[in-house]
1. Out of the stretch 26-67, which residues are touching an Asp or Glu at 6+ places or on another chain (Cβ under 6 Å) and more than 24 Å from residue 92 (Cβ to Cβ)?
2. Take the residues of the stretch 16-34 that are over 28 Å from residue 109 (Cβ atoms) and outside any loop (DSSP other than H, G, I, E, B): which is modelled with the highest pLDDT?
3. Is there a residue being assigned to a loop (DSSP other than H, G, I, E, B), touching a strand residue (DSSP E or B) at 6+ places or on another chain (Cβ under 6 Å) and surrounded by 10 or more Cβ atoms within 10 Å (Cβ to Cβ) anywhere in the stretch 102-118?
4. Restricting to the stretch 59-91, what's the tally of residues that are out of contact with any Ser or Thr (no Cβ under 9 Å at 6 or more places or on another chain) and part of a loop (DSSP other than H, G, I, E, B)?
5. Please enumerate the residues belonging to the stretch 35-58 that are part of a strand (DSSP E or B) and free of Cβ contacts under 8 Å to residues at least 40 places away in the same chain.
6. Of all residues in the stretch 59-88, how many are surrounded by 12 or more Cβ atoms within 10 Å (Cβ to Cβ) and free of Cβ contacts under 8 Å to residues at least 40 places away in the same chain?
Amino acid sequence: MSDVVNVLDTVNPLDAQVPMNVKEYAEGFTVEIVIPGVKKEDVEIAIDQNKLVVTYKHTEVEQEGVTYLKREFVGKDFKRSFTLPNNINVEGINASYDDGILSVVLPKNTPAEKKTIEIS
């Protein structure tokens, strides 16, 4: 398992500001990223050169006539990228967003069954 976590680990240490979990199951992996208050439409998930890349760009909405007396809600952009293990079925990757947690499911390729090849 440690090899898989190393492969799925963050490419850039500065990206670690957004917490995540990596779970392994017999049929694949799930990467969970905590991003509360983020609209799913503002998150991009892509596969680029065998890397899973999750990006969020925060856009500040100015409210006319509003003066903050205290402001602790600060949105920040983030980008997390992970090198995918070789046994991932890229076409089967899917994602969901529920209660502030983005879950990306990375299914493993099913191993080819043993097959005898006839020589012609």
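1. Those that are touching an Asp or Glu at 6+ places or on another chain (Cβ under 6 Å) and more than 24 Å from residue 92 (Cβ to Cβ): 57, 58.
2. 34
3. Looking only at the stretch 102-118, we keep the residues that are assigned to a loop (DSSP other than H, G, I, E, B), and these are 109-118.
Among the residues that remain, those that are also touching a strand residue (DSSP E or B) at 6+ places or on another chain (Cβ under 6 Å) are: none.
No, there is no match, as no residue in the stretch 102-118 is assigned to a loop (DSSP other than H, G, I, E, B), touching a strand residue (DSSP E or B) at 6+ places or on another chain (Cβ under 6 Å) and surrounded by 10 or more Cβ atoms within 10 Å (Cβ to Cβ).
4. Keep residues of the stretch 59-91 that are out of contact with any Ser or Thr (no Cβ under 9 Å at 6 or more places or on another chain), which gives 59-74, 76, 83-88, 90-91.
Still in the list and also part of a loop (DSSP other than H, G, I, E, B): 59-74, 76, 84-87.
So the answer is 21.
5. Filtering the stretch 35-58 for residues part of a strand (DSSP E or B) gives 43-48, 51-56.
The answer is 44, 46, 48, 53, 55, 56.
6. Here is the first cut: in the stretch 59-88, the residues surrounded by 12 or more Cβ atoms within 10 Å (Cβ to Cβ) are 75, 78-85, 87-88.
Retained after the next criterion (residues that are free of Cβ contacts under 8 Å to residues at least 40 places away in the same chain): 75, 87.
Within the stretch 59-88, residues that are surrounded by 12 or more Cβ atoms within 10 Å (Cβ to Cβ) and free of Cβ contacts under 8 Å to residues at least 40 places away in the same chain number 2.
Here is a yes/no grid of residues against (1) modelled with pLDDT of 95 or more; (2) over 18 Å from residue 24 (Cα atoms); (3) of a type in the set (A, V, I, L, M); (4) over 13 Å from the mean Cα position of the chain (by Cα):
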residue	(1), (2), (3), (4)
52	no, no, yes, no
63	no, yes, no, yes
66	no, yes, yes, yes
79	no, yes, no, no
88	no, no, yes, yes
101	yes, no, yes, no
104	yes, no, yes, no
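The values are calculated or read from the model by the stated rules, or taken from the named source; none is laboratory data. Being a predicted model, the structure only gives us computed values, none of them experimental. Cβ: placed from backbone, ideal geometry, glycine included. Neighbour counts: every protein chain shown.
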